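A.B. asks: First the structure, which I've put down as structure tokens, then a few questions once you've had a look.
The values are calculated or read from the model by the stated rules, or taken from the named source; none is laboratory data. All figures in this text were calculated on a predicted structure; none of them were measured in a lab. Quick reminder, even Gly has a Cβ in these numbers, built from the backbone with ideal geometry, and neighbours come from all protein chains shown. These area figures cover heavy atoms from the full protein model, side chains too; ligands, DNA and RNA do not enter into them. Shrake-Rupley method; radii C 1.70, N 1.55, O 1.52, S 1.80 Å.
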Amino acid sequence: MLILVLLVSSAMPSHHKPCKQLVLYMHDILYNGTNAANATSAIVAAPEGYNLTTLAGTNGFGDVVVFNDPITLDNNLHSKPVGHAQGLYAYDSNVTLSVWFGFTFYLNSTEHQGTINFIGADPIPLKTRDISVVGGTGDFFMARGIATIATDAIEGLTYFRIRVVVKLFECW
Amino acid sequence: MLILVLLVSSAMPSHHKPCKQLVLYMHDILYNGTNAANATSAIVAAPEGYNLTTLAGTNGFGDVVVFNDPITLDNNLHSKPVGHAQGLYAYDSNVTLSVWFGFTFYLNSTEHQGTINFIGADPIPLKTRDISVVGGTGDFFMARGIATIATDAIEGLTYFRIRVVVKLFECW
Amino acid sequence: MLILVLLVSSAMPSHHKPCKQLVLYMHDILYNGTNAANATSAIVAAPEGYNLTTLAGTNGFGDVVVFNDPITLDNNLHSKPVGHAQGLYAYDSNVTLSVWFGFTFYLNSTEHQGTINFIGADPIPLKTRDISVVGGTGDFFMARGIATIATDAIEGLTYFRIRVVVKLFECW
């Protein structure tokens with residue numbers, strides 16, 4: 001199965017050039033019952049028998065997390081944010097770490113003003129995963145494309161950082 | 001921060017003309033434990049320590065609401081609905097009122113038959129906010145565009161009305 | 001109301017030809033408290049007063065379900081899956097069976113490698129319903145279109161099967 005999965009990631013056509021590309025980092029600190037001051041996300045739904053401060057079972061199947069994660073230009077959590085990633089993810093598998101994402105980049109810096117909207121599946125163990133850019137507003141008015149995401153760091157159960165390469169193929 | 005936020009709303013390009021535009025109102029009556037007969041939405045998930053009949057904390061962070069709101073052509077809750085707005089929103093911030101929206105306009109009147117699908121972030125305190133129209137069916141087959149939304153009324157904790165200006169820039 | 005609803009389904013323009021079409025089946029086995037070994041989906045959120053092992057009230061209003069359903073080429077649950085449908089649906093009406101869908105087809109077979117992303121409303125009692133294809137990756141890079149879905153089988157409260165006709169009108 002791993003082999004087939006790798007075929008998926010390599011199947012992305014390479015003959016199209018993005019009309020715009022951004023590299024951004026999002027930082028997710030999950031609420032664990034004791035870190036309310038720092039947390040940027042929280043489990044808000046879980047399957048029967050599980051609580052809201054630890055992932056359900058082995059792979060979190062059924063947990064829904066709402067988040068508002070700072071976005072930075074580099075991989076440093078303490079860099080000045082250029083915006084926030086807002087939305088939700090749901091752990092959708094009981095055999096592997098996998099989430100379904102629906103979220104928005106709300107960018108608000110001297111360089112970029114506007115929103116980028118994403119949905120897609122994220123099979124976390126893969127080195128890189130592609131999700132869809134389904135629309136945008138402001139500087140990203142009517143944008144479409146894909147985003148290639150990679151887990152850039154993971155520290156215990158409460159912190160992960162994702163490197164997001166936004167590649168737009170429709171720019172207005 | 002407010003200044004930056006205003007820049008975002010003004011960054012929307014004005015040189016494109018919509019191929020179709022609709023102005024509609026959606027009415028949301030949140031279930032509060034006693035208004036089951038009238039409610040059009042309900043909190044169905046909340047972070048640890050919060051219940052499903054009042055917003056969590058100051059800004060509702062983590063609450064997920066499922067809704068089926070009537071859509072009308074004017075701002076009167078009691079006007080004949082032309083369809084329903086169906087989907088969910090999640091309060092995604094603990095420092096301001098902000099929700100992430102995923103929903104569908106299901107229009108069903110003599111004038112319009114079809115669906116319009118939206119996703120986006122809604123920073124509620126702003127006068128207007130832009131979200132994405134990511135697709136459509138029926139009369140709105142393959143539509144893309146943006147929707148500019150504004151809070152048209154808010155009454156206590158259970159009723160709000162949103163004015164939605166749907167602007168399509170791809171019409172088939 | 002039924003008449004108006006039928007108008008909606010027939011309003012879909014027929015003069016566009018898809019550039020790609022796929023017919024697939026997704027199989028959903030809902031966790032009911034005793035079928036953990038087979039279940040492919042679980043209720044993870046419900047309105048006040050309802051549990052996570054049975055649908056809320058008459059039409060499930062407010063229940064949110066996370067799923068990871070096998071996808072097959074024919075209507076046999078036991079056929080070899082060609083991928084998985086991952087995401088969530090929320091029951092969004094208290095007067096009829098209706099859900100709001102956000103999900104991804106993750107296809108992984110010798111024939112297709114890539115993802116297709118969907119959102120839309122699903123008024124279940126209708127014979128067929130149209131939702132939006134809002135993006136894709138891999139073999140479905142930048143895809144847009146609609147999907148016509150139909151309930152192909154429903155067995156008690158825990159199994160249903162949906163026939164999904166994916167019709168792409170933008171192919172890259």
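A.B. asks: Condition test on C:SER98, is it at pLDDT 95 or above, more than 9 Å from chain A (Cβ to nearest Cβ) and open to solvent by less than 20 Å² (accessible area, probe 1.4 Å)?
C.D. replies: The answer is yes for C:SER98.
A.B. asks: Which of (1) within 11 Å of chain A (Cβ to nearest Cβ); (2) more than 15 Å from the chain's Cα centre (by Cα) is the odd one out, the single condition B:SER79 does not satisfy?
C.D. replies: Against the list (1) within 11 Å of chain A (Cβ to nearest Cβ); (2) more than 15 Å from the chain's Cα centre (by Cα), B:SER79 comes up short only on (1).
A.B. asks: Out of A:LEU88, A:LEU107, which single residue is buried (at least 19 other Cβ atoms within 10 Å of the Cβ) and either within 14 Å of chain C (Cβ to nearest Cβ) or not in a strand (DSSP E or B) (or both)?
C.D. replies: Of the residues listed, the single one that is buried (at least 19 other Cβ atoms within 10 Å of the Cβ) and either within 14 Å of chain C (Cβ to nearest Cβ) or not in a strand (DSSP E or B) (or both) is A:LEU88.
A.B. asks: Sort out which residues of segment C:1-31 are modelled with pLDDT of 95 or more and within 23 Å of C:PRO125 (Cβ to Cβ), and write them in order of number.
C.D. replies: Residues satisfying the conditions are C:VAL23, C:LEU24, C:TYR25, C:MET26, C:HIS27, C:ASP28, C:ILE29, C:LEU30.
A.B. asks: Within segment B:38-58, count every residue that is at the interface with chain A (Cβ under 10 Å from one of its Cβ atoms) and either outside any strand (DSSP E or B) or over 30 Å from A:THR34 (Cβ atoms) (or both).
C.D. replies: Of the residues in segment B:38-58, 7 are at the interface with chain A (Cβ under 10 Å from one of its Cβ atoms) and either outside any strand (DSSP E or B) or over 30 Å from A:THR34 (Cβ atoms) (or both).
A.B. asks: Moving to a separate point now. Could you check segment B:108-135 and list, in sequence order, the residues that are closer than 18 Å to B:ASN59 by Cβ and hydrophobic (A, V, I, L, M, F, W, C)?
C.D. replies: B:ALA121, B:ILE124, B:LEU126 - these are the residues of segment B:108-135 that are closer than 18 Å to B:ASN59 by Cβ and hydrophobic (A, V, I, L, M, F, W, C).
A.B. asks: How about segment B:153-165: which of its residues are open to solvent by 60 Å² or more (accessible area, probe 1.4 Å) and in contact (Cβ under 8 Å) with a residue 40 or more places away in the chain?
C.D. replies: B:LEU157, B:ARG163
A.B. asks: Right, another one. If you scan segment B:51-67, which residues turn out to be surrounded by fewer than 22 Cβ atoms within 10 Å (Cβ to Cβ) and farther than 17 Å from B:VAL95 by Cα?
C.D. replies: Those that are surrounded by fewer than 22 Cβ atoms within 10 Å (Cβ to Cβ) and farther than 17 Å from B:VAL95 by Cα: B:ASN51, B:THR53, B:THR54.
A.B. asks: Another question about this same structure. Which numbered condition in (1) charged (D, E, K, R); (2) over 20 Å from A:MET142 (Cβ atoms); (3) crowded, with 24+ Cβ neighbours inside 10 Å is the only one that B:ARG144 fails?
C.D. replies: (2)
A.B. asks: Let me ask another. Just give me the residues in segment A:86-104 being more than 16 Å from A:ALA56 (Cα to Cα) and among the small types (Gly, Ala, Ser), in sequence order.
C.D. replies: A:GLY87, A:GLY102, listed by residue number.
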